[in-house]
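Single-structure report; data block below.
The values are calculated or read from the model by the stated rules, or taken from the named source; none is laboratory data. Please read these numbers as outputs of a predicted model, since none were measured by experiment. Positions of Cβ are generated from backbone atoms using ideal geometry, with glycine treated the same way; all protein chains shown enter the neighbour counts. SASA here: full protein model, heavy atoms, side chains in, ligands and nucleic acids out. Shrake-Rupley method; radii C 1.70, N 1.55, O 1.52, S 1.80 Å.
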Amino acid sequence: MSKPNSRQGAKGPYYVLDVTVCCADALRVRRSMAGCPDAGVVRCEPLLHACSTQESDAPCVRLMIRLPIGSYADVLHRLIECVPSGEIGRLVSWRDHLARCGLGHGH
């Protein structure tokens, strides 16, 4: 059996899930994802505007979490436990994530 490469985890190809949380909660999410095999935060983007759907006007960040689709339920469970007020966004393929980050053709 071949080893997984950067686009494929032990449980299948990687996807990226966008999650928006208050800055104060970002560390808690990172720690929670560290305990989830094959998943982790690959990018953290500060949001320059207040999150209108958050419970407060606290500064927010968008975390991009890389995960194999087989870990999706575990990742969601961990997110809901550690930041119930966070916002779960879209799930995109690893290739689409790289393309939206400006890496041509998703390589």
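Answer yes or no as to whether SER52 is out of contact with any strand residue (DSSP E or B) (no Cβ under 9 Å at 6 or more places or on another chain) and at pLDDT below 90. In short, yes. On inspection, HIS105 qualifies as open to solvent by 20 Å² or more (accessible area, probe 1.4 Å), at pLDDT below 80 and in contact with a helix residue (DSSP H, G or I) (Cβ under 8 Å, 6 or more places away or on another chain). Residues that are outside any loop (DSSP other than H, G, I, E, B) and either among the polar types (S, T, N, Q) or surrounded by fewer than 15 Cβ atoms within 10 Å (Cβ to Cβ) (or both) within region 77-86 comprise HIS77, ILE80, GLU81, listed in sequence order. If you go through region 87-100 and pick out every residue that is not in a helix (DSSP H, G or I) and not aliphatic (A, V, I, L, M), you end up with 4. ASN5 fails exactly one of the following numbered conditions: (1) in a loop (DSSP other than H, G, I, E, B); (2) modelled with pLDDT of 85 or more; (3) under 21 Å from ALA99 (Cα atoms). What is the number of that condition? Exception for ASN5: condition (2).
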